[in-house]
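A.B. asks: Submitted below is the structure of interest, expressed as structure tokens.
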Amino acid sequence: MAGALTRRGLIAAGLSTAAGACHAQTYPGLGELARRRGVIFGAAIEPATVDKDYDFAALLRRECTGLTPENHMKWNVLRPAPRRFDFGGADRVVAIARSQNAAVHGHALIWHEANPDWLARELTPRTAVEILEEHIGGVVGRYAGKVRSWDVVNEPVERNDRRPDGLRQSLWLNALGPDYIPLAFETAHRADPSARLVLSDYGLEYDDESWMREKRGTMLELLAGLKRQGAPIHALGLQGHLLGDRPAAFGAGLRGFLRDVARIGLEIYVTELDVNDQKTPGTLRQRDEAVARIYRAFLDTVLGEPAVKMVTTWGLSDRYTSKIDMFPRPDGQAVRPLPFDEAFTRKPAWFAIADAFTGAR
Ligand code: XIL
């Protein structure tokens, strides 16, 4: 197997086809390759996209053993009004996952973004516990046994908010203080004792960024504190939004951080992996190769830690990436952050991820 999935392997396959070989080379899906080393490979999806694009649905079926709703389990979608839940899109994601036997990673029960306007108005120290328990109990309870894991608290650390504990000044922190975090985990655990509960954040990936090195320290303290007080937390979520125009500084610092997280007794999930090539120079091919190298360098380090049990990319194909609108390139071309291009052809990034899973050189 080693080497069979490399770029050279693809080129060789292409050449052999050109020379008249009568069978096209087939590849296992990334999900299958990940499974062989005990890891789930997933992607974030919008249910409407899957329902309108049959080829994309087939691609997800072939590649993914996990799925995450990119937006449909956020408060602004689930909770249009204080007394109303709208589960339509979330149910659809769960049904799609079930139809292809993929594990659902729920995202996100508590976040400072994507909240309906009414939440800030209604949330006070007096009402907050009830609102939190109603939401988490209702959502996690509905999907008990169907959602394997949850981002329970998303992005709770922000050093610029200048608190000694490093916590973000969010509407939940303002209403309940730091206890909102263990409370969210306990509530989720009561609603589905079998669900794996995750605390996720960004800005933990790069060794050459001092604020990220500092954030790792803050995160370790937060996680260790939660474990010490007996909170039902099972994993750290490393978002993994990487940049295509900077060195792949994923070395001893990241490795040591992941080891420290594992020592606390937590698993590690990569929850939102992509490589933003908004500022990556070069031809399409050069950009794709640069993006692939970053995927590979990151995953080689991350997969070296046995506590890593899931890798989820934030989308699967460049045809459907929310980054296209959010990160316009100066040359007017679209960003290409994902393993498949807009025509669902495997990119160098796909081969980089495949080779990272198989350990091929
Ligand atoms: C993003 C989605 O990809 C967009 O479609 C949406 O408009 C905004 O949110 N960190 C997170 C994700 O935890 O939920 C965010 O997703 C990207 C950053």
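Taken together, the values in this text are just the output of simple stated rules run on the coordinates, not laboratory data. Being a predicted model, the structure only gives us computed values, none of them experimental. No Cβ is skipped: glycine too gets one built from the backbone with ideal geometry, and neighbour counts run over all protein chains shown.
A.B. asks: For helix 88-99, what angle does its Cα long axis make with the longest principal axis of the chain, in degrees from 0 to 90 and rounded to 10?
C.D. replies: The angle comes out at about 50 degrees.
A.B. asks: Nearest 10 degrees, 0 to 90: what angle lies between the long axis of helix 284-303 and the longest principal axis of the chain (Cα atoms)?
C.D. replies: That works out to roughly 60 degrees.
A.B. asks: Can you give me the P(r) profile for the chain? Cα pairs, bins 10 angstrom wide beginning at 0, each as a whole percent.
C.D. replies: Spelled out per bin, shortest first, that is 5, 24, 33, 25, 9, 2, 1, 0.
A.B. asks: Further question: Tell me the mean residue ellipticity at 222 nm calculated for the chain from its helices only (DSSP H runs of n ≥ 4, each -39500 (n - 2.57), averaged over every residue, nearest 500).
C.D. replies: On the way: 15 runs with 155 residues, N = 361.
Calculated mean residue ellipticity at 222 nm is -12500 deg cm²/dmol.
A.B. asks: Continuing with this model, one more query. Suppose we keep just the DSSP beta bridges with both residues in segment 34-358; what percent of those would be antiparallel, to 5?
C.D. replies: Values: 3 of 38 bridges.
If I count the DSSP bridges inside segment 34-358, around 10 percent turn out antiparallel.
A.B. asks: Using alpha carbon centroids, what distance separates segment 86-142 and segment 220-287, in Å?
C.D. replies: 24 Å
A.B. asks: So how tilted is helix 54-63 from the main axis of the chain? Cα-based, degrees 0 to 90, rounded to 10.
C.D. replies: Taking the Cα atoms of the chain, the angle to 54-63 is about 90 degrees.
A.B. asks: Taking the highest mean first, how do the peptides 281-292, 48-59, 182-193 order by number of other beta carbon atoms within 10 angstrom per residue?
C.D. replies: Details: 281-292: 16.3, 48-59: 14.4, 182-193: 20.1.
Per-residue Cβ counts within 10 Å, averaged per peptide and sorted highest first, yield 182-193, 281-292, 48-59.
A.B. asks: Give me D for segment 176-305 in µm² s⁻¹, whole number, from Stokes-Einstein with Rh from the Kirkwood sum over alpha-carbon pairs, 20 °C and 1.002 mPa s. Show your work: numbers first, answer last.
C.D. replies: Numbers: Rh = 15.9 Å.
My calculation gives 135 µm²/s for D.
A.B. asks: GNM on the chain, C-alpha springs below 10 Å: top fluctuator among P82, P339, P164?
C.D. replies: Sorting by GNM fluctuation, first place goes to P164.
A.B. asks: Moving to a separate point now. I'd like to compare 63-74, 134-145: which one has the highest average count of other Cβ atoms within 10 Å, and what's the full order after that?
C.D. replies: Most protected by this proxy first, the peptides run 63-74, 134-145.
A.B. asks: Quick check on packing: order 104-110, 260-266 by the mean number of other C-beta atoms within 10 Å, highest mean leading.
C.D. replies: On the way: 104-110: 25.9, 260-266: 16.6.
My ranking of the peptides, most packed first, is 104-110, 260-266.
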